Amino acid sequence: MTRAVIVGSGSEIAPTRVTNAQMARIMDTSDEWIRERSGVEARHFATPEIATSDLGVAAAEKALAAAGVAKAEVDLVVFATMTPDHYFPGCGTLLQHKLGLRTVPCFDIRQQCSGFLYGLQLADAHVRSGLAKTVLLVGAEVHIGFMPWTRENYAYALGTSDVPPTKEEWDWNSRFRHLVVLFGDAGAAVVLRAAEDGERGVLDHELHGAGADYEKLYVPGTGFKHRPYTDPEQFKRGDHIPVMDGRHVFKMATTSMVEVARSVLQKNGVAPDQLKLVLMHQANQRINEYCAKALGLREEQVPHNIHKYGNTTAATIPLLWDECTRDGRLRPGDLVLMVAFGAGMTWGASLVRA
Ligand code: ACO
């Protein structure tokens, strides 16, 4: 039997670290509120010259080096992001070009926080069917373009300007405070290779999509439902910034992540304590604590890094994989469950032997 084995990983964190206290300089929030409600202590944002594909490229370079795989061997690219450099084309071919890969097929995945797991299933299906032997799977995001503040406000937050926000700017920034404090910018990548008859590799997946509640988490503007697809009025209304009903998403995420995790474990005859690690999407530490408790997991089985990076959407799971590989928490042969929930709504779980 052919299986797709994760043979290397890499990650790249955006350079500018922004603490909760810095966010509180330009909107009505506090370090205490953000920590307590989400677990986020800081996030990193990209500088203006860095786009999503650049974080993806840097992460992919490291993943290929860690895997000992030459660029010429890559025969498929899968790139998951909700913040592509351009409306079109997607980041897949941009990464292919910047990395100097052959003219291999490049897929762009649009499933937000579940993007990495959707990409993993696609990569695995290509490997199992013999269509690909070496796949570069990337999740990367530059969310800072969603942030509502002006350049001057941002400089004030970072301490490089003495000009505080006006009352209008403060109120405008505060309107989005429940959302903007959660996100950060990063890229992470894994290399998958076909292997015959071994124990290691991607074992199973279960993915779901349900559009009924899509307006609970979406970007109302800058889409082709509008003619033209973008205009100054949309920006004045703030329709380019995501809308999120946090409580609704929280409830759906906890229910769906527990259900899908149980289902994959049951189908594969795996008990929770047989798992070395459960890599959960990092949207909110409270969501993950709830899921870990419901699944009966021990604390050391559920690594987290949301406190350092916030929610990096498609990058969270490969970023955790990479960190745990580098610090020795994850070793070849370990059994790992990955679980995510994101806008769409979309959710899923993948069982992998590292
Ligand atoms: N700072 C201070 N106060 C705030 C902030 C803030 N940043 N944000 C909201 N508040 C206030 C609210 O205005 C509200 O005040 P009120 O009681 O006076 O009305 C109060 O805090 C409570 O607000 P809630 O929204 O009920 O707070 P909650 O405990 O639900 O936490 C949060 C909000 C963190 C957003 C949480 O609901 C959450 O994490 N939800 C899920 C997010 C998620 O998983 N997103 C999916 C991934 S993103 C993707 O796929 C693109």
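Tabulated data for the structure shown
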{"read-out": "Cα long-axis angle, helix 246-267 against the chain (0 to 90 degrees, to the nearest 10)", "value": "0 degrees"}
{"read-out": "Neighbour-count order for Phe88, Phe183, fewest beta carbons within 10 angstrom listed first", "value": "Phe88, Phe183"}
{"read-out": "For region 107-258, size of Cβ-based charge dipole, Lys and Arg +1, Asp and Glu -1, in debye", "value": "200 debye"}
{"read-out": "Candidates Cys291, Cys113, Cys324, ranked by Gaussian network fluctuation over the chain, Cα under 10 Å, top entry", "value": "Cys324"}
{"read-out": "Dipole magnitude of region 224-321, debye to nearest 20 (Cβ charges: Lys/Arg +1, Asp/Glu -1, about Cα centre)", "value": "120 debye"}
{"read-out": "Dipole axis of region 232-338 (+1 Lys, Arg; -1 Asp, Glu on Cβ), positive-most option in Tyr290, Leu279, Gln301", "value": "Tyr290"}
{"read-out": "Geometric extent, Cα atoms of region 81-238 - Rg, Dmax (angstrom)", "value": "20.0, 64"}
{"read-out": "Calculated on alpha-carbon atoms, Rg and Dmax of region 270-322 in Å", "value": "10.8, 31"}
{"read-out": "If the convex hull is drawn through the Cα atoms of the chain, its volume per residue in Å³", "value": "132 Å³"}
{"read-out": "Length-normalised contact order for region 198-354 - Cα pairs under 8 Å, 6+ apart - percent", "value": "37 percent"}
{"read-out": "The chain: angle of helix 316-326 to the longest principal axis, Cα-based, in degrees nearest 10", "value": "60 degrees"}
{"read-out": "Phe341 long-range amide H proximity, modeled H, under 5 Å", "value": "His281"}
{"read-out": "Alpha carbon centroid spacing (whole Å) that separates region 228-269 from region 1-30", "value": "18 Å"}
{"read-out": "Contour excess over end-to-end distance, with Cα ends at Ala294 and Ala70 and 0.36 nm allotted per residue", "value": "76.4 nm"}
{"read-out": "For the chain, size of Cβ-based charge dipole, Lys and Arg +1, Asp and Glu -1, in debye", "value": "440 debye"}
{"read-out": "Residue exposure sequence - Thr254, Thr313 - by fewest surrounding Cβ within 10 Å", "value": "Thr254, Thr313"}
{"read-out": "Ranked Val127, Val202, criterion: other C-beta atoms within 10 Å, fewest first", "value": "Val202, Val127"}
{"read-out": "Separation between Cα centres of region 93-108 and region 325-342, rounded to whole Å", "value": "27 Å"}
{"read-out": "Integer Hz, Karplus 6.51/-1.76/1.60 couplings in order for region 94-105, x for Gly and Pro", "value": "5, 5, 4, 5, 5, 7, x, 7, 4, 7, 7, x"}
{"read-out": "With Cα atoms, 0 to 90° folded angle of helix 52-67 axis to the chain main axis", "value": "30 degrees"}
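Read-outs: derived from the displayed coordinates by stated rules, not from any lab. Just so it is clear, the structure is predicted and the values come from calculations on it, not from any experiment. A quick note on method: Cβ atoms are made from the backbone with ideal geometry, for glycine too, and the neighbour counts reach across all protein chains shown.
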